[in-house]
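Here's the structure we're looking at; comments come further down.
The values are calculated or read from the model by the stated rules, or taken from the named source; none is laboratory data. These numbers were taken from a predicted model, which means no experiment stands behind them. Here the Cβ is made from the backbone with ideal geometry for all residues, glycine too, and neighbour counts use every protein chain on show. Ligands, DNA and RNA are excluded from the accessible area calculation, which covers all protein heavy atoms including side chains. Shrake-Rupley method; radii C 1.70, N 1.55, O 1.52, S 1.80 Å.
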Protein chains: 2
Amino acid sequence: MKNGKNKLRSHCPVNYGLEAFGDRWALLILRDIVFRGKRTYGEFLKSEEGFATNILASRIDHLIAAGILQREGHETDGRKDTFSLTEKGLDLIPLIFEMVLWSAKYDSRSEAKRIIRLVELIKKDNRKISQKVMEQVKRGEGIVAEYLS
Amino acid sequence: MKNGKNKLRSHCPVNYGLEAFGDRWALLILRDIVFRGKRTYGEFLKSEEGFATNILASRIDHLIAAGILQREGHETDGRKDTFSLTEKGLDLIPLIFEMVLWSAKYDSRSEAKRIIRLVELIKKDNRKISQKVMEQVKRGEGIVAEYLS
DNA sequence: AAAAATCACTTGCATTTTGCAAGTGATAAT
DNA sequence: ATTATCACTTGCAAAATGCAAGTGATTTTT
């Protein structure tokens, strides 16, 4: 991974996206925030895909440098920081949802089966449901129960 | 990169997408096909981001194993193969378009400025324009002139 | 028909990135 | 005061990447 200070290889929109968030681990952090309402380093670390501690730290730094994530001190525990999506990060939700749609269609064992209601809503109007979810995530809720199963 | 035979780390829809096409180079191949109408190894190699020859070969293999790309013999030149998107690959176009939208919004130097018309159409109705572009790409046209500038 | 060029790779090797285990220093809980 | 928890960093082996230099199959040029 390159850090935010290196110049981009190109300003092609696809390449820009890739360099900003298109890293395997970086996108999983965003998923954890959006779908699981996670907010701290320790919570990210518990993800089933298995972050290495150094990689997680470096990806968080990268996302912050890219203006996608922001860090604040934890309200009650001085050891922790709280991470949340900036406006720029929230705007990635429609893209993540398209990814969910695609995987739901092509992965026969997709866990998207547990969020059929949400998948239907994305299919119907991604922009609309994304807007709604962006508000929820902004309030720190993650994907709420109403979309599950 | 892991090859198609390794099992997935998870069937989370986001992770599935990442393992299938969510590699820096893999997505650039798709971009080259969709936006530039490229079809051969040599054409991909010329991309401004600079593929290494071995990486390009391995990513093509990966995309084929993932069922996103397909290989056919070139019509007139026996040294070449022609690569094209499968149905599964074409279905990634809406996702790529969301990426373009996001980059257009946040990269002040985005080359998306040269496809303002297309960006507007995506904003208005991604599904609709994607459908149209899918047909064009299927015919081997890449993004056509009407969307440029 | 022979020689040269093109094309799609593969190979070898140095550099970079990853993944794991084991710290470390700060805060919190007991 | 002592121990645990948390968010990292460090060190190092293993894997992936990037580059240069092949290689073998066509195709083009002479």
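Could you work out the relative contact order of the stretch A:92-147? I mean the mean sequence separation of Cα pairs under 8 Å and 6+ apart, divided by the number of residues, in percent. Let's see the in-between values first.
Details: 36 pairs, mean separation 18.6, N = 56.
Taking the mean separation of contacting Cα pairs over the length of the stretch A:92-147, I get 33 percent.
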Quiz item: How far, in whole Å, is the nearest Cβ of chain B from the axis relating it by rotation to chain A, and which residue carries it?
Solution: B:Glu98, 3
Practice problem: Step through the residues of the stretch B:22-33 one at a time and calculate ³J(HN,Hα) from phi using the Karplus curve (6.51 cos²θ - 1.76 cosθ + 1.60, θ = phi - 60°), rounding each to whole Hz and writing x for Gly and Pro. | Solution: x, 10, 2, 6, 4, 5, 5, 4, 4, 4, 4, 6
Exercise. Express in whole angstrom the spacing between the alpha-carbon centres of the stretch A:90-138 and the stretch A:1-62.
Key: 19
Quiz item: Near B:Lys80, which lysines are there with a Cα under 20 Å away, not counting those fewer than 8 places off in the same chain?
Solution: B:Lys38, B:Lys46, B:Lys138
Quiz item: So how much accessible area does B:Arg39 have, in Å² to the nearest 10, using a 1.4 Å probe?
Solution: 70
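Going down the list A:Lys113/B:Lys132; A:Lys128/B:Lys7; A:Lys124/B:Lys124, which pairs span over 26 Å between their C-alpha atoms? Before the final figure, lay out the partial values.
Details: A:Lys113/B:Lys132 28 Å; A:Lys128/B:Lys7 35 Å; A:Lys124/B:Lys124 14 Å.
Violating the 26 Å limit, Cα to Cα: A:Lys113/B:Lys132; A:Lys128/B:Lys7.
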Quiz item: Per residue, how much space in cubic angstrom lies within the convex hull of the C-alpha atoms of the stretch B:86-149?
Solution: 75
Quiz prompt | ³J(HN,Hα) computed for each position of the stretch B:72-82 - Karplus, 6.51 cos²θ - 1.76 cosθ + 1.60, integer Hz, glycine/proline x | solution = 9, x, 5, 5, 10, 10, x, 7, 9, 10, 10
Quiz prompt | Surface share of carbon and sulfur [accessible, 1.4 angstrom probe, percent] for the protein assembly as shown | solution = 50
Quiz item: Using the Karplus equation 6.51 cos²θ - 1.76 cosθ + 1.60 (θ = phi - 60°), what ³J(HN,Hα) coupling, rounded to whole Hz, does each residue of the stretch A:101-110 give in order, writing x for Gly and Pro?
Solution: 4, 5, 5, 4, 6, 10, 9, 5, 9, 5
Quiz item: If only Cα atoms are counted, what is the Rg of the stretch A:13-86, and what is its Dmax, in Å?
Solution: 12.0, 40
Quiz item: Considering only B:Gly42, B:Trp25, B:Pro13, whose Cα is most displaced toward the positive end of the charge dipole of the stretch B:13-85, charges sitting on Cβ of Lys, Arg (+1) and Asp, Glu (-1)?
Solution: B:Gly42
Practice problem: Note down the accessible area of A:Lys80, probe 1.4 Å, to the nearest 10 Å². | Solution: 90
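Report the far tail of the P(r) of chain A, meaning the percent of Cα-Cα pairs longer than 23 Å.
Numbers: 4150 of 11026 pairs.
Counting every Cα pair in chain A, those more than 23 Å apart make up 38 percent.
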Quiz item: B:Phe83: accessible area at probe 1.4 Å, nearest 10 Å²?
Solution: 10
Quiz item: How many nanometers, to one decimal and shortest first, lie between the label point of A:Arg114 and those of its other copies, if labels sit 7 Å from Cα toward Cβ?
Solution: 4.4
Quiz prompt | Cut-off 9 Å between beta-carbons: net charge of the residues surrounding B:Glu49, Lys and Arg +1, Asp and Glu -1 | solution = +1
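With the contact rule set at Cα under 8 Å and sequence spacing of 6 or more, what percent relative contact order holds for chain A? List each step's numbers first, then the result.
Values: 150 pairs, mean separation 32.2, N = 149.
Here the relative contact order equals 22 percent.
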Self-check item: Amide hydrogen neighbours beyond the local backbone of A:Lys38, cut-off 5 Å, H modeled
Solution: A:Ile33
Practice problem: Would you mind giving the mean number of other chain beta-carbons within 10 Å of the Cβ of each residue in B:120-131, as a whole number? | Solution: 1
Quiz prompt | Under-5 Å amide H pairs with A:Thr82, H placed in peptide plane, nonlocal only | solution = A:Glu72, A:Gly73, A:His74
Practice problem: Using only protein heavy atoms and a 1.4 angstrom probe, determine the accessible area buried between A and B, summed over both sides, in Å² to the nearest 100. | Solution: 4200
Self-check item: P(r), alpha carbons of the protein assembly as shown - 10 Å bins starting at zero, rounded %
Solution: 6, 28, 37, 23, 6, 1, 0
Quiz item: Can you tell which of B:Glu72, B:Glu19, B:Glu43 shows the greatest fluctuation in a Gaussian network model of chain B with Cα springs below 10 Å?
Solution: B:Glu72
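Which value, in debye to the nearest 20, gives the size of the charge dipole of chain A about its Cα centre, when Lys and Arg are +1 and Asp and Glu are -1 at the Cβ?
Working: 27 positive and 21 negative charges, 59 e Å.
Here chain A has a charge dipole of around 280 debye.
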